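Chemist: One structure, as structure tokens, below. Some questions next.
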Amino acid sequence: MIISRRNIVLGGSAFALAGLADVLTHRGDLVQARQRSQEAANIRRDLGEQLTGAISQTQLANIALEDGHNTEAEGLIRAAATQFEKEKLLDNQAVADSLLTLILLKQGRVPDAQKTAERAIALSRQSGNRQARFEAELANAKVLAALGESAEASKRIEAVLSEAKKYGYLNYEYQARLALGEVDLNSGLAAAGRTRLAALNQDATRTGFLLIASKAQKI
């Protein structure tokens, strides 16, 4: 199969646009993030790239979820998951199921979220990908918290936090700290939760993770 120079350039542009969309998402600029992510998705669609197209759908689903468009997010991530399953990409499947878990929780569909979280955990352990495991463990912890199992949820999150700090995954460190703050607030540890979230707000703001900083402030 011959790949033209044009296709190589366009593929590189899509990769750069997707990377920019990630940065914009972290900074809380969801409007611009969606635009750049959609541009990347359009290029990949025009190039006939099904796998990278599914990766773009995952990114768009995450942005839609952050922006409160849960139905749109569900449609996008289910389509992406179908492609990942077809390609037998366990880490991408785990990430997709983790995101779907969060979407289902937002919709109040806790039993469905629990099943999806369990599948995400199993896939992430098979894949051996650390980031996929972080995604799955954090999503599963949120299901546990929704089921009233706060102690177990905190234990799972603390494990992610420790490993994320050890290996320098700042985004996952912040996600874990946010999740712990939420669990604290919802399990009768309001003072500890507020202290944790206030510190997170300061740290995330200082390092440019403004979306997480905003969440920590608003909870």
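The values are calculated or read from the model by the stated rules, or taken from the named source; none is laboratory data. From a predicted model like this one, the values you see are computed outputs, not experimental measurements. Virtual Cβ from ideal backbone geometry, glycine too; neighbours counted across all protein chains shown.
Chemist: Filter the stretch 203-219 for residues that are surrounded by fewer than 17 Cβ atoms within 10 Å (Cβ to Cβ) and β-branched (Val, Ile, Thr); which is nearest to Ala153 (Cα to Cα)?
Modeler: For the stretch 203-219, the residue satisfying everything is Ile219.
Chemist: Quick one: Leu89 ticks every box in (1) within 18 Å of Ala54 (Cβ to Cβ); (2) crowded, with 24+ Cβ neighbours inside 10 Å except a single one, so which number is it?
Modeler: Every listed condition holds for Leu89 apart from (2).
Chemist: Between Ala141, Ala146, Ala159, Ala153, which is crowded, with 23+ Cβ neighbours inside 10 Å, more than 14 Å from the chain's Cα centre (by Cα), modelled with pLDDT of 95 or more and farther than 20 Å from His26 by Cα?
Modeler: Ala153
Chemist: So, one more: Does Ala33 qualify as being among the small types (Gly, Ala, Ser) and crowded, with 22+ Cβ neighbours inside 10 Å?
Modeler: In short, yes.
Chemist: For a quick check of your reading of the model, give me the residue pairs whose first member lies in the stretch 184-202 and is crowded, with 17+ Cβ neighbours inside 10 Å, whose second is in a loop (DSSP other than H, G, I, E, B), with beta-carbon atoms closer than 7 Å and at least 6 apart or on different chains.
Modeler: So the pair list comes out as Leu185/Ile219; Leu197/Ile219.
Chemist: For the stretch 4-25, does any single residue satisfy the condition of being more than 22 Å from Lys106 (Cβ to Cβ), in contact with a Gly (Cβ under 8 Å, 6 or more places away or on another chain) and buried (at least 16 other Cβ atoms within 10 Å of the Cβ)?
Modeler: no
Chemist: Could I ask something else about it? Would you mind telling me which numbered condition in (1) part of a helix (DSSP H, G or I); (2) touching a Lys or Arg at 6+ places or on another chain (Cβ under 9 Å); (3) of a type outside the set (Lys, Arg) Phe134 fails?
Modeler: Condition not satisfied by Phe134: (2).
Rundown of residues vs (1) closer than 25 Å to Ala153 by Cβ; (2) surrounded by fewer than 20 Cβ atoms within 10 Å (Cβ to Cβ), yes/no style:
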{"site": "Gly68", "(1), (2)": "yes, yes"}
{"site": "Ile77", "(1), (2)": "yes, no"}
{"site": "Ala81", "(1), (2)": "yes, no"}
{"site": "Phe84", "(1), (2)": "no, no"}
{"site": "Gln93", "(1), (2)": "yes, no"}
{"site": "Ala96", "(1), (2)": "yes, no"}
{"site": "Leu99", "(1), (2)": "yes, no"}
{"site": "Lys106", "(1), (2)": "yes, yes"}
{"site": "Gln126", "(1), (2)": "yes, yes"}
